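Asker: Got a structure here, written out as structure tokens. Questions coming.
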Amino acid sequence: MKHSLLRFALLGFAALFAAAAEPPPNIIVMLADDMGYGDPRCYNPASKIPTPNMDRIAAEGLRFTDAHTPAAVCTPTRYGFVTGRYAWRTRLKTMVLWSEYEDPLIEPSRETVARVLQRSGYRTAAVGKWHLGLNFAKPGGGFVRGKINHLNGAGGTREVEFTSPVQGGPLALGFDTSFLLPGGINLEPHFWLADDRVVGKPAVWRAAGAPTRPGTSGLEVHEGWMAEGWSDEAVGPTLTEKAEAFLSASAAAKKPFFLYFASQAPHRNCTPPDFVRGKSQAGVRGDMVYEFDWAVGRVLAKLDELGLAQNTLVIVTSDNGAVPKSDEGDDFGHKANGDLRGAKGGLFEGGHRVPFLVRWPGQAPAGQTNASLVVLTDLLATFADLAGAKLPPGAGPDSFSVRPALRGAAMDATARPAVVLHSGGGLFAIRQGPWKLIFDAKLKPAQLFHLGRDPQEATNELAGEPQRVTEMQAELARIRAAPF
């Protein structure tokens, strides 16, 4: 009996030691550009786009049904993910940066998700669309400053010195390495940035609306410098190859890694490579959603090949909701945002409720849905939690760890801080539990919805809930006034 008890105790100590010695998970975040809640088939069985790899993640992990971006457009969501802080706390009060010649939105002193993980021993990389501002040298000294706001794509910046190191990018923010599409598929400048150096020779002036191949889309393209030989259709495959190379190098280094893979797809201009053309029934935009799914599949396959899948947390999501129509001007009967009201840019759910898929073998239960409220600003605090890292005072002020939800727990939405949502035009909404209050341009309450019983936001309950409206209005004022 004594021997049995001793053996049991030793086994218990061994199990505790093994748990303590368990390595931190590798982390991959794959961020689509303008992919809506109704694009993947695992969210919308009637989707006209095959998405076998996202569907695989849903089958092997968790599918979140109440996940949101902090803003309904690109730049502020990316800022929120990287910093755990709402972008409306910065100088950017509406819309996005209109070129990458703008002063970087993230200060070098700001805590970032990459810096937290880098301090914890992770290899860190950013691959893909950056769109957070960069300091390019100006001939004669100083930095280039681009256009402030030109929706028509005009006003490209000509006086740029491309041979000097570019400053204020990922390397200044905790990323060990980066390979960037500086501002996105449609914005100037049109070339690659490897770490802090321009790749190739930006000697071609690209006109607004000009495609890189006849017969393909140039929708929303801004004028500006472009590298010789540049091809919009090669962007997705090139980024995927760079992501795979980082995974291979990380496996060889035998260190945990964090990969932020920000795809260009399916943002306009929609230019799917030939091998994915016609794969969807939703036009070239649908083909680009398929291209993003292909990239997801390539990353999963590389993890399998390298023997890294078991201890890698993979999150697949989007930076905001979808633009419903493809570049051809038709939606082809495809509901890019599912049955949600609204679309990219707005405060209705279609603007910011996004797919959020999690695969974490042995940790996230397979084939389940999770209705916990999750916002992309939460990932900084969550990853710090996973890495056992302490955030400095004031870091990630709008980030809330959702680690239990990644393991399948149903987190009570009423137990977490209120979530502030922001539109492209600078309007605010606040979410508390199932309630969502939308404000007008003068911060006057305009619409109140109970998303639990009315996910399509069909019934405005503002008049019947005066006390709730007052309390939510006061909470928004408190959050906005916080000195972060």
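Asker: When only residues in the range 193-218 that are crowded, with 20+ Cβ neighbours inside 10 Å and among the hydrophobic types (A, V, I, L, M, F, W, C) count, which is nearest to Thr240 (Cα to Cα)? Show your work before the answer.
Answerer: Taking the range 193-218 first, the residues crowded, with 20+ Cβ neighbours inside 10 Å are 193, 198, 202, 206, 212, 217-218.
Filter again for among the hydrophobic types (A, V, I, L, M, F, W, C), leaving 193, 198.
Details: Leu193: 15, Val198: 19 Å.
Per the criteria, the residue is Leu193.
Asker: While we're looking at this one, here's another question. Please state which of the following conditions Gly184 fails to meet, knowing it meets all the rest: (1) at pLDDT 95 or above; (2) surrounded by 23 or more Cβ atoms within 10 Å (Cβ to Cβ); (3) small (Gly, Ala, Ser).
Answerer: (1)
Asker: Being among the aliphatic types (A, V, I, L, M) and under 26 Å from Leu219 (Cβ atoms) is the filter; apply it to the range 145-176 and report the residue that is modelled with the highest pLDDT.
Answerer: Quick first cut of the range 145-176, residues among the aliphatic types (A, V, I, L, M) only: 148, 151, 154, 160, 166, 171-173.
In the following step, the residues that additionally are under 26 Å from Leu219 (Cβ atoms) were identified as 148, 151, 154, 160.
Details: Ile148: 83, Leu151: 82, Ala154: 94, Val160: 97.
Result: Val160.
Asker: Picking from Arg78, Arg85, Arg56, which residue would you name as being over 23 Å from His131 (Cβ atoms) and in the same structural domain as Gly346 (by TED's automatic domain parsing)?
Answerer: Numbers: Arg78 fails: over 23 Å from His131 (Cβ atoms); Arg85 fails: over 23 Å from His131 (Cβ atoms).
So the residue among Arg78, Arg85, Arg56 that is over 23 Å from His131 (Cβ atoms) and in the same structural domain as Gly346 (by TED's automatic domain parsing) is Arg56.
Asker: I would also like to ask the following. Would you mention how many residues in the range 246-283 are under 27 Å from Ala384 (Cβ atoms) and either assigned to a helix (DSSP H, G or I) or of a type outside the set (Gly, Ala, Ser) (or both)?
Answerer: To start, the set of residues in the range 246-283 that are under 27 Å from Ala384 (Cβ atoms) comprises 246-263.
Next, from what is left, pick out any that are either assigned to a helix (DSSP H, G or I) or of a type outside the set (Gly, Ala, Ser) (or both): 246-261.
Residues in the range 246-283 being under 27 Å from Ala384 (Cβ atoms) and either assigned to a helix (DSSP H, G or I) or of a type outside the set (Gly, Ala, Ser) (or both): 16 in total.
Asker: Could you tell me whether the range 322-329 includes any residue that is among the hydrophobic types (A, V, I, L, M, F, W, C) and at negative phi?
Answerer: Step one: of the range 322-329, the residues among the hydrophobic types (A, V, I, L, M, F, W, C) are 322-323.
Now drop any that are not at negative phi, which leaves 322-323.
Within the range 322-329 (the criterion being among the hydrophobic types (A, V, I, L, M, F, W, C) and at negative phi), the answer is yes, since at least one residue qualifies.
Asker: Of everything in the range 307-326 that's of a type in the set (A, V, I, L, M), touching a Leu at 6+ places or on another chain (Cβ under 9 Å) and under 26 Å from Trp130 (Cβ atoms), which residue is surrounded by the most Cβ atoms within 10 Å (Cβ to Cβ)? It would help to see each step written out before you state the result.
Answerer: Step one: of the range 307-326, the residues of a type in the set (A, V, I, L, M) are 308-309, 313-316, 322-323.
Among the residues that remain, those that are also touching a Leu at 6+ places or on another chain (Cβ under 9 Å) are: 308-309, 313-316.
Filter again for under 26 Å from Trp130 (Cβ atoms), leaving 308, 313-316.
Values: Leu308: 17, Leu313: 22, Val314: 26, Ile315: 26, Val316: 30.
Among residues in the range 307-326 that are of a type in the set (A, V, I, L, M), touching a Leu at 6+ places or on another chain (Cβ under 9 Å) and under 26 Å from Trp130 (Cβ atoms), the one surrounded by the most Cβ atoms within 10 Å (Cβ to Cβ) is Val316.
Asker: Follow-up question, since we're still on this one. Sort out which residues of the range 71-89 are farther than 22 Å from Pro108 by Cβ and in a loop (DSSP other than H, G, I, E, B), and write them in order of number.
Answerer: Ala72, Val73
Asker: Identify, by number, the condition in (1) in contact with a strand residue (DSSP E or B) (Cβ under 6 Å, 6 or more places away or on another chain); (2) under 25 Å from Arg277 (Cα atoms); (3) charged (D, E, K, R) that Lys255 doesn't meet.
Answerer: (2)
Asker: Which residue pairs have Cβ atoms closer than 7 Å, lie 6 or more positions apart in sequence or on different chains, and pair a first residue in the range 321-332 that is part of a loop (DSSP other than H, G, I, E, B) with a second residue that is polar (S, T, N, Q)?
Answerer: Sorted first by the residue in the range 321-332, then by its partner, the pairs are Gly321/Asn337; Ala322/Asn337; Pro324/Asn337; Asp327/Ser217; Asp327/Asn269; Phe332/Gln281; Phe332/Ser326.
Asker: Residue by residue through the range 137-158, note down the ones that are under 26 Å from the mean Cα position of the chain (by Cα) and surrounded by 10 or more Cβ atoms within 10 Å (Cβ to Cβ).
Answerer: Step one: of the range 137-158, the residues under 26 Å from the mean Cα position of the chain (by Cα) are 145-153.
Within the range 137-158, Arg145, Gly146, Lys147, Ile148, Asn149, His150, Asn152, Gly153 qualify.
Asker: Residues that are in the same structural domain as Asp232 (by TED's automatic domain parsing) and closer than 24 Å to Asp319 by Cα: find the strands (runs of 3 or more DSSP E) completely inside the range 91-210 holding 1 or more of those. Spell out the reasoning first.
Answerer: Numbers: elements: 123-129, 177-181, 192-194, 197-199, 204-206.
So the answer is 123-129, 177-181, 192-194.
Asker: Going by the conditions given, is Arg416 buried (at least 19 other Cβ atoms within 10 Å of the Cβ) and out of contact with any Ser or Thr (no Cβ under 7 Å at 6 or more places or on another chain)?
Answerer: Numbers: buried (at least 19 other Cβ atoms within 10 Å of the Cβ): yes; out of contact with any Ser or Thr (no Cβ under 7 Å at 6 or more places or on another chain): yes.
So Arg416 passes the test.
Asker: Another question about this same structure. Yes or no: the range 425-439 includes at least one residue that is more than 28 Å from Arg115 (Cβ to Cβ) and loosely packed, with under 15 Cβ neighbours inside 10 Å.
Answerer: Looking for residues that are more than 28 Å from Arg115 (Cβ to Cβ) and loosely packed, with under 15 Cβ neighbours inside 10 Å, one finds at least one in the range 425-439, hence yes.
Asker: Then there is this: Tell me which residues, restricted to the range 146-166, are without any contact (Cβ under 8 Å) to a residue 60 or more places away in the chain and of a type in the set (S, T, N, Q).
Answerer: Once the filter is applied, which keeps residues that are without any contact (Cβ under 8 Å) to a residue 60 or more places away in the chain and of a type in the set (S, T, N, Q), the range 146-166 yields Asn149, Asn152, Thr163, Ser164.
Asker: For the range 260-279, give me each residue that is aliphatic (A, V, I, L, M) and surrounded by 23 or more Cβ atoms within 10 Å (Cβ to Cβ). Let's see the steps before the verdict.
Answerer: The initial filter retains those residues of the range 260-279 that are aliphatic (A, V, I, L, M), namely 262, 265, 276.
Passing the criteria: Ala262, Ala265.
Asker: If only one of Glu305, Glu291 is in contact (Cβ under 8 Å) with a residue 24 or more places away in the chain and not in a loop (DSSP other than H, G, I, E, B), which one is it?
Answerer: Details: Glu305 fails: in contact (Cβ under 8 Å) with a residue 24 or more places away in the chain.
When all the criteria are applied, what remains is Glu291.
Asker: Restricting attention to the range 327-343, does a residue exist that is under 30 Å from Glu22 (Cα atoms) and either surrounded by 24 or more Cβ atoms within 10 Å (Cβ to Cβ) or of a type outside the set (Phe, Trp, Tyr) (or both)?
Answerer: Initially, the range 327-343 is screened for residues under 30 Å from Glu22 (Cα atoms), giving none.
No, there is no match, as no residue in the range 327-343 is under 30 Å from Glu22 (Cα atoms) and either surrounded by 24 or more Cβ atoms within 10 Å (Cβ to Cβ) or of a type outside the set (Phe, Trp, Tyr) (or both).
Asker: Right, something else. Please verify whether the range 446-469 includes one or more residues that are over 30 Å from Arg56 (Cα atoms) and in the same structural domain as Thr83 (by TED's automatic domain parsing). Quick ask: steps written out before the conclusion?
Answerer: Just the residues of the range 446-469 that are over 30 Å from Arg56 (Cα atoms), to begin with: 446-450, 457-469.
Going one step further and asking which of them are in the same structural domain as Thr83 (by TED's automatic domain parsing), we end up with none.
Checking the range 446-469: not a single residue is over 30 Å from Arg56 (Cα atoms) and in the same structural domain as Thr83 (by TED's automatic domain parsing).
Asker: Return yes or no: is Arg206 more than 24 Å from the chain's Cα centre (by Cα) and either basic (Lys, Arg) or at pLDDT below 95 (or both)? Show your work before the answer.
Answerer: Numbers: more than 24 Å from the chain's Cα centre (by Cα): yes; either basic (Lys, Arg) or at pLDDT below 95 (or both): yes.
Yes: the conditions hold for Arg206.
Asker: Scan the range 280-296 residue by residue and report those that are surrounded by fewer than 17 Cβ atoms within 10 Å (Cβ to Cβ) and under 15 Å from Glu60 (Cβ atoms).
Answerer: Just the residues of the range 280-296 that are surrounded by fewer than 17 Cβ atoms within 10 Å (Cβ to Cβ), to begin with: 281.
Of everything in the range 280-296, nothing turns out to be surrounded by fewer than 17 Cβ atoms within 10 Å (Cβ to Cβ) and under 15 Å from Glu60 (Cβ atoms).
The values are calculated or read from the model by the stated rules, or taken from the named source; none is laboratory data. Nothing here was measured: the structure is a model prediction, and the numbers come from that model. Virtual Cβ from ideal backbone geometry, glycine too; neighbours counted across all protein chains shown.
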